[in-house]
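Following: one structure in structure tokens, then a few remarks.
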Amino acid sequence: MTNQLHTLDVDFSRTKGRFRLLHGVNNGPLNWGGLTDLSPYHAELSPPFTRLHDPHWPNPDVVDINAVFPDFGADPGNPENYTFDRTDEYIAAIVSLRSQIIYRLGHGIEHTRRKYHTQPPADYEKWAAVCTGIIRHYNEGWAGGHQFGIQYWEIWNEPDLLAGPLSPVSPTWAGTWEDYFRLYTVAAKAIKAHFPALKVGGPAMTGGGVASGFLAGFLRHCREQAAPLDFCSWHHYTADPREVFTLAATVRGLLDEHAFNQALSVLDEWNYIPTGMDWGVIFNPAFPYEQRRISREIAGPCGAAFDVAVLLGLQDCPVDIATYYLADALPYFSMFDVYGVPQKAFYAFRAFRWLLDTPQRVQASGDECLAVGAGLSDDQRAATVLMSNLKDPSEQVEITVHKVPWGAGTRCEVCVLDDEHDLVPVKIEWLNGQTFTLRYRLPSATVLVLKLAPADA
């Protein structure tokens, strides 16, 4: 611990527009064959977008092409060749929560030595016809379907991911980059020909897709082949929130450079990973204790502090949609454990959701070691200050609050998210005047929320 004092300033007289809803998630609330239903938690968070990728992993029976259209030798024009029932139920639970869906067309990741669905389709045109059949079912009622109005359709997942020492074949795409570029072009053109108003995109690339040259190659191909690209999707996992923000600017710059100025930038997988984490360990069955340690850190206080820092920092980034990976009951990367019990990462999103309840963003500034955001309700009778200390060893923070919009007298409820507290109130203060200074402990791996209201509220 050091004796440094962090100082923050929040000025409620200086507004900065409204907070952007960038707290989307991956996957819906139904899990484990109906044993777990996370709908109340999803309803509380109100994610603006839900991306469908790796649902019911590791044995997906919904969403994936092979789950919906199990016999690729069959006729995609015949509705009897589709098995929509399980996916219907899965998606209906998301639609009932009024979250917009990003439907990933393709398959989930495969960590087994033998890969079952990572090979490029034998017939790209037929694969595209299956995709249009799925869209017809969920948007036009075809094959006993629905009118869900799903707007976003993503083609495949992480086709840039290369094989590694544990997997001689890529766990996501066994073809070349050029194979994927061609699949994307065929499928995107087919989808837009049938449904011109929908948004089609990809490539759902890994965080390394920029440095490897994959994204530049993909964008050149789309431009040369006149392939539609309504949104460009990308992923990043890191211990440093600044990497996410830097990559967001880089992706936006590449889109503009290749004349895709209107394409949305969609960060549809992101999460915390411990510094120096070896991907060959967390997915290696030879290291169960290390897997458990890493997973607990991701979903624990450090991961939660990271999540808040990213959610706040994305407000100033050129990102249009963001979806956290993930919000179902899985042992890896989830904000819930396998029984559906919320972990610390869930409470990080709850804290951000509280901030959105005071949607007018106001000026909040401080040093680079802490993340801070503040908001004011539309009736100016409530305010929220959200702070996160990811890894700085200093424990003291001083917050000067300027010009709360009500008269003298403020009630301040202090809520803490750390190793011991799940975003619970730990203190209530009564303050005088429209400007005042507060001081609290804010150690590393801690999130602090101040709920401000008139003293007579």
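Each value in this text was obtained by applying a stated rule to the coordinates, not by laboratory testing. As the structure is a prediction and not an experimental result, all values here were calculated from the model. Here the Cβ positions follow ideal geometry from the backbone for every residue, glycine too, while neighbour counts run over all protein chains shown.
Which angle between 0 and 90 degrees, to the nearest 10, do you get for helix 177-194 versus the longest principal axis of the chain when only C-alpha atoms count? Roughly 90 degrees between the two axes.
Between 0 and 90 degrees, the angle of helix 241-257 with respect to the longest Cα principal axis of the chain falls at about 50 degrees.
The Cα atoms of segment 119-220 define a convex hull whose projected area, averaged across directions, is 7.4 nm². Residues whose amide H lies under 5 Å from that of LEU264, counting only those 5 or more places away or on a different chain, are PHE231, CYS232; hydrogens are built 1.01 Å from N in the peptide plane. DSSP assigns beta bridges within the chain; of those with both partners inside it, close to 55 percent run antiparallel. Remark: segment 412-417, residue by residue, has Karplus-estimated 3J(HN,Hα) of 10, 9, 9, 10, 10, 10 Hz, where x stands for each Gly or Pro and the curve is 6.51 cos²θ - 1.76 cosθ + 1.60 at θ = phi - 60°.
Please give the peptides 63-72, 287-296, 317-326 ranked by average Cβ packing (other Cβ atoms within 10 Å per residue), highest first, as a rough proxy for protection.
Going by the mean number of other Cβ atoms within 10 Å, highest first, we get 317-326, 63-72, 287-296.
The H on the amide N of THR446, modeled in the peptide plane, is under 5 Å from the matching H of ASN389, each at least 5 residues off or on a different chain. Neighbours of THR437 by Cβ distance under 12 Å: Lys/Arg scored +1, Asp/Glu scored -1, total -2.
Run the numbers for ASP379 and ALA193: contour at 0.36 nm per residue of separation, minus the present Cα-Cα distance, in nm. Please list the in-between numbers first.
Values: separation 186, 0.36 × 186 = 66.96 nm, distance 4.62 nm.
Difference between extended and current length: 62.3 nm.
Segment PHE436..ASP256, full-extension length gain: 60.3 nm, with 0.36 nm per residue of separation and the alpha-carbon distance subtracted.
Could you quote the convex hull projected area for the chain, Cα atoms only and averaged over all directions, in nm²? Can you show the working numbers first?
Values: hull surface 88.1 nm².
With every direction weighted equally, the projected area is 22.0 nm².
Partners of LYS126 within straight-line reach, counting lysines whose Cα lies under 23 Å from its Cα and excluding those fewer than 8 residues away in the same chain: LYS115, LYS189, LYS192, LYS199.
For segment 368-374, 3J(HN,Hα) computed residue by residue from phi via the Karplus equation (6.51, -1.76, 1.60; θ = phi - 60°) reads 6, 7, 10, 9, 9, x, 9 Hz, glycine and proline entered as x. Expressed as a fraction of 2.2 N^0.38 Å, the value expected for a compact globular protein of N residues, the C-alpha radius of gyration of segment 391-457 is 1.18.
Extension gain for THR7 to THR246 (0.36 nm times residue separation, less C-alpha to C-alpha distance): 83.5 nm.
Here the Karplus relation 6.51 cos²θ - 1.76 cosθ + 1.60, evaluated at θ = phi - 60°, turns the backbone of segment 201-209 into coupling constants of x, x, x, 6, 7, 6, x, x, x Hz, with x for every Gly and Pro. Based on the Cβ-Cβ distance of ALA408 and VAL338, what FRET efficiency does E = 1/(1 + (r/R0)^6) give at R0 = 45 Å, to the nearest 0.05? Between ALA408 and VAL338 the formula returns 0.35. Among the listed pairs LYS344/LYS427; LYS16/LYS344; LYS427/LYS451; LYS16/LYS391; LYS16/LYS427, a Cα-Cα separation exceeding 22 Å is found for LYS16/LYS344; LYS16/LYS391; LYS16/LYS427.
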